[in-house]
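Below: one structure, written as structure tokens.
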Amino acid sequence: MEIIIGAIPRISPSKSKPIPRRGGHIEARVLNIRPTRKRYGKHPGNGKERRGKHQVPDPAGGRVVTLLIPEGYTIPPDLDSGNYRVFLRFSPQSR
């Protein structure tokens, strides 16, 4: 038997996920920035090109940014379908 007076309810995992926001702002942390893939050059070690021929080459002055989004449920599940535009706005961290 357990008798507890004035205790708060125990915390348990949420059974329902929050609904993703449409068109809202999502805060992320930058993990890495690197140059784009090289346009031309030698094939990988096995001699085969892994990228498809129909793929558009990366822009020469572009950068690849890796982001960490802590609240992953805010990302649309079909983001990689290409049906979305993504806008980035950089602001300094408040101290």
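Hey, could you check region 14-32 for residues that are among the small types (Gly, Ala, Ser) and on the phi < 0 side of the Ramachandran plot and say which is modelled with the highest pLDDT?
28
Selection of region 55-77 for residues being at pLDDT below 85 and acidic (Asp, Glu) yields only 58. So is residue 35 modelled with pLDDT of 75 or more, more than 16 Å from the chain's Cα centre (by Cα) and surrounded by 10 or more Cβ atoms within 10 Å (Cβ to Cβ) or not? The answer is yes for residue 35.
The values are calculated or read from the model by the stated rules, or taken from the named source; none is laboratory data. Bear in mind the structure is a predicted one, so any value in this text is a computation, not a measurement. Backbone-built Cβ (ideal geometry, glycine too); neighbour counts: all protein chains shown.
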